[in-house]
1. Pop out the ³J(HN,Hα) list for segment 151-161 in order, Karplus 6.51 cos²θ - 1.76 cosθ + 1.60 with θ = phi - 60°, rounded to Hz; leave Gly and Pro as x.
2. Taking square-rooted eigenvalues a ≥ b ≥ c of the alpha carbon gyration tensor, is segment 1-137 rounded, prolate or oblate, where a/c under 1.5 means rounded and, failing that, a/b exceeding b/c means prolate?
3. On C-alpha positions alone, give me the angle between the axis of helix 292-303 and the longest principal axis of the chain, in degrees, nearest 10.
4. Which far-off residues, 5 or more places away or on another chain, put their amide H under 5 Å from the one on Thr304, with H placed in the peptide plane?
5. Using only Cα atoms, figure out Rg for the chain and give it as a multiple of 2.2 N^0.38 Å.
6. Multiply the residue separation of Gln239 and Ser19 by 0.36 nm, subtract the distance between their alpha-carbon atoms, and state the gained length in nm to one decimal.
7. Return the distance in nm (one decimal) between the two label points of a simple spin-label model at Gln196 and Thr8, each offset 7 Å from Cα along Cα→Cβ.
8. List the lysines whose alpha-carbon lies under 30 Å from that of Lys301, not counting same-chain residues fewer than 8 positions away?
Amino acid sequence: MTEHKVTTDIAKAVEVLSSGGIVGMPTETVYGLAAFALDENAVARVFAAKGRPTNHPLIVHLSPDADASQWGEFTNEARALADAFWPGPLTLLVRRTSLVPDWVTGGRDTVALRVPSHPMAIELLRAVNTGLVAPSANKFGKVSPTTAAHVMDDLGDDVDLVLDGGACAVGVESTIVECLPDSVSVLRPGTITSDQIELVLQAVVGSSSGEARAPGMLLSHYSPDADVFLVETLEEGIQKKQELTKNGRSVHFIHFDDIDEYARHLYDELRHADLSKCDSIVAVMPVTSGVGLAIRDRLMKAATR
Ligand code: AMP
Ligand code: MG
């Protein structure tokens, strides 16, 4: 078996990455598939392992000690957000510097940067002392991984190593905020909300989605094999489950009162449904505030075919 690939040995991960390898890396959001951002061949292996189109740009992960301005041009707003939320689940999209290669940005003139807060990710980033790309360590279009075992399930044959840092504390991908000289927009919701961002900036920020601004944010993403049915209340959920069961379908039911717990367990629940060969998932949507908005976004994408 390939279980020997799972380790907590950071020195080994540094060795693998330094020689052009690809490593599953825990972050507080989801597990990433890490490679040296400046190593074209290593990044090509990441795209190939995931089956991800190469025009979908990657986020560069940096250590808290790194000088992020070597990678991107920070506006005052970007600087303020980095100071407020890094290390943490916030990705800043800024103009790239000449250091950043086309194979990271898909040829765009912006780069996505993040300093994660997971202690093992920080230790790894400090040790390699360079930027790591780390898109979610799953096959393209499928559900993101939140444990080392999820990474092995999806990419066990393709990765060189997986660092096991336990279950991800947040559970959904980072908030992406685009900071350009004349505008600030939230491109992907996450645990850090627009309200928190507006509080720091003391200004109203826009929100926008779609392929043009953030390629790869496809409508059908985070998709389990089972059909996903979304309902707004527990009562509706129970009714839907009864109806489906009556029609001979096997149902996995998802409902959490606590939204942080919902975020932490969402992807494991979606994966669990597929593993247990359920053909349907009924998910009771969370409230429309805080991380609830990010969960709703991912569930809607999971429900789209
Ligand atoms: P992830 O799959 O969590 O690694 O997030 C990567 C996503 O960030 C991409 O699919 C894009 O939506 C967005 N992104 C990263 N870099 C850029 C960029 N240079 N320009 C626009 N969007 C980007
Ligand atoms: Mg992903």
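The values are calculated or read from the model by the stated rules, or taken from the named source; none is laboratory data. This is a predicted model, so every value here is computed, not measured. When we count neighbours, we look across all protein chains shown, and the Cβ atoms used for this are built from the backbone with ideal geometry, even at glycine. These accessible areas exclude ligands, DNA and RNA; they are computed on the full protein's heavy atoms, side chains included. Shrake-Rupley method; radii C 1.70, N 1.55, O 1.52, S 1.80 Å.
1. 4, 5, 4, 8, 10, x, 6, 9, 7, 8, 6
2. Details: a/c = 1.87, a/b = 1.31, b/c = 1.43.
Oblate, because a/c is 1.5 or more while a/b does not exceed b/c.
3. Tilt of helix 292-303: around 70 degrees.
4. The list, which skips near neighbours in sequence, is His221.
5. Values: Rg = 19.0 Å, N = 305, 2.2 N^0.38 = 19.3 Å.
Computed over Cα atoms of the chain, the ratio equals 0.98.
6. Values: separation 220, 0.36 × 220 = 79.20 nm, distance 5.48 nm.
Difference between extended and current length: 73.7 nm.
7. With each label point 7 Å from Cα toward Cβ, the separation is 2.7 nm.
8. Straight-line reach from Lys301, under 30 Å: Lys50, Lys139, Lys142, Lys240, Lys241, Lys246, Lys277.
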